[in-house]
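Shown next, in structure tokens, is the structure this report addresses.
The values are calculated or read from the model by the stated rules, or taken from the named source; none is laboratory data. Quick caveat, the model's predicted, so the values are computed rather than measured. Cβ coordinates were reconstructed from backbone atoms using ideal geometry, including for glycine residues, and neighbour counts include every protein chain displayed.
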Amino acid sequence: DTGVSQNPRHKITKRGQNVTFRCDPISEHNRLYWYRQTLGQGPEFLTYFQNEAQLEKSRLLSDRFSAERPKGSFSTLEIQRTEQGDSAMYLCASSLEAGGHNEQFFGPGTRLTVL
Amino acid sequence: AQSVTQLDSQVPVFEEAPVELRCNYSSSVSVYLFWYVQYPNQGLQLLLKYLSGSTLVKGINGFEAEFNKSQTSFHLRKPSVHISDTAEYFCAVSEGLGNTPLVFGKGTRLSVIA
């Protein structure tokens, strides 16, 4: 399977705990995006990388959130001291930046439930 | 700042009937426009995109959309829907060149009734 993969698919945690999600993009894609989707809403942009460089962070990304893409391949998104408001679907997407506008391919998402 | 408005949160339609899902955007610069579909428990899949050129864009699964710059709209249409088209549909916009982050609408739930 050469699509975008995300792990875990589901995560249930207690308020105050830390969680980490992983995204593996399509292998030749140099851009990787994180979005968050809450119930009844469209995905909202969180942050994105070109190779290992983090190019932009949304105001939605509080200081409890940190994302990395250390070798320009997979990425992790960590949420520290989770709150109930963090419950959402976290989506990862990747694309190939090669001039022009190319399609972002989305993974299946990680559904986070904070109790 | 760019924004996307999907005017209908839910659209019920009978099988084999035509459907239109409405999308309006606001942006001060040229935009790229997209429609994505999300089936239950799955990621988003690109239906079609408008980058430039012909304002009528054809996508997968028999869907098409028309870009109307004067009305800042990008409505999605299908002449005859199937039960399998039941899903959530998202309109999205990005500005500028390159692969910039997408701004999505809130989505429209299409329910096809047998």
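General observations
- Residue within segment A:12-20 that is within 11 Å of chain B (Cβ to nearest Cβ), farther than 15 Å from residue A:90 by Cα and either at pLDDT 95 or above or surrounded by 15 or more Cβ atoms within 10 Å (Cβ to Cβ) (or both) present: no
- Qualifying residue in segment A:67-82 (condition: out of contact with any strand residue (DSSP E or B) (no Cβ under 9 Å at 6 or more places or on another chain) and modelled with pLDDT of 95 or more): yes
- Of note, residue A:76 does not satisfy the criterion of being more than 14 Å from chain B (Cβ to nearest Cβ) and farther than 20 Å from residue A:27 by Cα.
- Count - residues of segment A:82-101 that are more than 14 Å from every other protein chain (Cβ to nearest Cβ), surrounded by 12 or more Cβ atoms within 10 Å (Cβ to Cβ) and in contact (Cβ under 8 Å) with a residue 60 or more places away in the chain: 2
- Entirely in segment B:14-114, the strands (runs of 3 or more DSSP E) that have 1 or more residues that are away from every other protein chain (no Cβ under 14 Å) and out of contact with any helix residue (DSSP H, G or I) (no Cβ under 9 Å at 6 or more places or on another chain): B:19-21, B:24-26, B:56-58, B:64-68, B:73-78, B:108-113
- Meets criteria (over 25 Å from residue A:3 (Cβ atoms) and either surrounded by 14 or more Cβ atoms within 10 Å (Cβ to Cβ) or in contact with a Leu (Cβ under 8 Å, 6 or more places away or on another chain) (or both)) for residue B:16: no
- Selection within segment B:46-67: residues that are touching a residue at least 12 places away in the same chain (Cβ under 8 Å) and farther than 21 Å from residue B:29 by Cα. The member of this set that is surrounded by the fewest Cβ atoms within 10 Å (Cβ to Cβ) is B:60.
- For segment A:11-23, the criterion of being part of a loop (DSSP other than H, G, I, E, B) and in contact with a helix residue (DSSP H, G or I) (Cβ under 9 Å, 6 or more places away or on another chain) is satisfied by at least one residue.
- Looking only at residues of segment A:21-55 that are touching a Pro at 6+ places or on another chain (Cβ under 9 Å) and polar (S, T, N, Q), we find that the one that is surrounded by the most Cβ atoms within 10 Å (Cβ to Cβ) is A:47.
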